Amino acid sequence: MHAPRPPLQPQGKPDPVTPVMAQFLDVKAANPDCLLFYRMGDFYELFFEDAEVASRTLGIVLTKRGRHQGLDIPMCGVPVHRADEYLQRLIAAGHRVAVCEQLEDPAEARKRGAKSVVRRDVTRLVTAGTITEDALLDPARANTLVAVARLRAADGGFTYGLAALDISTGTFQLAEASADGLAAEIARFDPREIVVAEAAHEDKTLGPLWAETRAAIAPQPREGIDAATAATRLAAYFEVASVDAFGQFSRTELVAGATAVAYVERTQRGQRPPLSVPVRETSSALMRIDAATRANLELGRTLSGERAGGLLSIIDRTATGGGARLLAARLASPLLDPAAIATRLDAVACLIASPDLVADIRPRLRRIPDMLRALTRLALERGGPRDLLAIGQGLQAAQELAARLAAAGVEASSELCEARDAMARAD
C-alpha cells in the first residue's frame, strides 16, 4: 500500500484550483488508501501520486494536466473499455482501487452553468478479496476474503474468530481458532485478502503471520463492532430478526462475521452481494494441518509458491470452475468423520462402476457456465447479456443432468442423489 504524499509546497503565487480538480481532491480525501480511478468521458484518469504509482505499475505514459500549488499535476489514464485488464494488474501488485463514476450526463451538468462539474462519486472499492469481474477471477480458485476477530479469553489470552466469504459465489463460513491454530485456519482458507483490526495487525506476536501470508492485508478500525452488536449487524445484513436460526456461533465468530459484512458493505457502496447464510465449521470435523505442514505437503502450491506442480494441479481433472473450487476446498479441509468420508467414497464408487454415465455427463458439465458468479454480477448490477445467458444455459443443463442421473439410477450414493434432486428443482 502506498503512503499518501505530503502536501505539495507552493512555489510563488498558488494556481487556482479548477472545479474538476477540486472535485477530485474531495473524492480522494475520502478514499486516501486507494488509487482513484476518476471517470472522465471514455477514460479513468489518475492524478498526483496515484498517477505516478499507476504509471510505474502498468507501464503507461505519465503526462500532466494543469498545475497545483505551483507544480505540474502528474496524470495518466486507462480506457474504460480496458479497465478490467488494468485493474487486474493493480490488484495483483497489492493496490486497492476506488472507482469514481460519472453519475449524470454532462449535458445535465451544463444546464447548471458553464462551470458546473459532472456529479461523480465512488461506486465501489476494488480489492483483492471483493472482485466479481469474470476477467479478474480465476475460474478454478475461490476468491476468499477472510475477516479475523479476536476477543480476550478467560485465561487472559485471545481467542480468534474467522469469517471466510467469497462474494463472487456467496459462500460464507465461520470458524474459531486458538492463538496456536490461527495460522493453520488462515492457510486452510487460502484467502486473497485478510481484514483484521488495526490492534491485531500491529500486535508484534502476530507480525510473522501477517508478513508470511500471500494475501493482501486490510487493517481496519473497530468501527464499533463488538460481541454485543455483532449479531445485530449480521441479522440486519440478512434482513432477519435474529441469527439464532442460522445456528450456534461463538462470540468471536459473530464479531468476525459482522466485520466481514461491514467490509463488504463498505467496498460495494450500497450494493448487497447475495451471500449464503453463515455456516459454522467445527475443527473437530476437519483435519487440522498447520501452515508449515500444509506448505511442505504442497497441497495447493509448491514450496516456491507456484500452483503448477502442487498436488491439486496434478489431481484436478474437473470439468467446471465450480467443481475445481470444490475439489480445492475438500483437499484443503480433509474430513475426520468416517461416515462423511464413506458418503464421498460411495459417490466415487458409483461413478467408477458406471463408465458410460461418466462419459455422458462430463461433456455436459464442460458446457455449464459459472452460474454463481454470473448471478452475483447480476445482483450487483455489473452483469450483462452473457451473464443472463449463463443462468439460462446453466438451468437447462441442470435439468438435463438430473434426468440423466435419474435414468442411470444412482441410489447407491446419497451424495449423487442429493445432487440429482437439487438439479431437478432448478427452474
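The values are calculated or read from the model by the stated rules, or taken from the named source; none is laboratory data. On a predicted model such as this, the values are computed, not experimentally measured, just so you know. Glycine gets a Cβ as well: all are built from the backbone with ideal geometry, and neighbour counts include every protein chain shown. The accessibility values were calculated without ligands, DNA or RNA, using every heavy atom of the protein model including side chains. Shrake-Rupley method; radii C 1.70, N 1.55, O 1.52, S 1.80 Å.
Quick grid of which residues meet (1) loosely packed, with under 13 Cβ neighbours inside 10 Å; (2) modelled with pLDDT of 95 or more; (3) touching a Gly at 6+ places or on another chain (Cβ under 7 Å):
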residue: Ala256; (1), (2), (3): no, yes, yes
residue: Arg269; (1), (2), (3): no, no, no
residue: Arg280; (1), (2), (3): no, no, yes
residue: Arg288; (1), (2), (3): no, no, yes
(request) Name the single residue, out of those in region 239-254 being touching a helix residue (DSSP H, G or I) at 6+ places or on another chain (Cβ under 6 Å) and more than 14 Å from Glu176 (Cα to Cα), that is surrounded by the most Cβ atoms within 10 Å (Cβ to Cβ). (result) Val243
(request) Quick one: Gly322 ticks every box in (1) open to solvent by 30 Å² or more (accessible area, probe 1.4 Å); (2) modelled with pLDDT under 90 except a single one, so which number is it? (result) (2)
(request) Give region 189-209 a look and list any residue that's open to solvent by less than 30 Å² (accessible area, probe 1.4 Å) and under 21 Å from Val264 (Cβ atoms), or say none. (result) Phe189, Pro191, Glu193, Ile194, Val195, Val196, Ala200
(message) Looking only at region 78-108, count every residue that is modelled with pLDDT of 95 or more and among the small types (Gly, Ala, Ser) and tell me the total.
(response) 1
(message) Any residue in region 314-333 that is of a type in the set (S, T, N, Q) sitting within a Cβ distance under 8 Å of a residue that is assigned to a loop (DSSP other than H, G, I, E, B) and surrounded by 17 or more Cβ atoms within 10 Å (Cβ to Cβ)? List the pairs, counting only those 6 or more apart or interchain.
(response) Thr318/Ala140; Thr320/Ile368; Thr320/Asp370; Ser333/Glu281
(request) Please report, ordered by residue number, the helices (runs of 4 or more DSSP H) entirely within region 366-427 with at least 2 residues that are over 27 Å from Asp356 (Cβ atoms) and open to solvent by less than 50 Å² (accessible area, probe 1.4 Å). (result) 371-379, 385-408
(request) Could you pull out the residue among Val61, Val80 that is over 29 Å from the mean Cα position of the chain (by Cα), surrounded by fewer than 16 Cβ atoms within 10 Å (Cβ to Cβ) and among the β-branched types (Val, Ile, Thr)? (result) Val61
(message) For region 117-140, check the following and say yes or no: at least one residue is within 17 Å of Glu253 (Cα to Cα) and either acidic (Asp, Glu) or open to solvent by less than 30 Å² (accessible area, probe 1.4 Å) (or both).
(response) no
(request) Can you run down the residue pairs with Cβ atoms below 7 Å, 6 or more apart or on separate chains, where the first is in region 372-392 and under 18 Å from Arg141 (Cβ atoms) and the partner is part of a helix (DSSP H, G or I)? (result) Leu372/Gly322; Arg373/Asp134; Ala374/Asp387; Ala374/Ala390; Ala374/Ile391; Arg377/Asp387
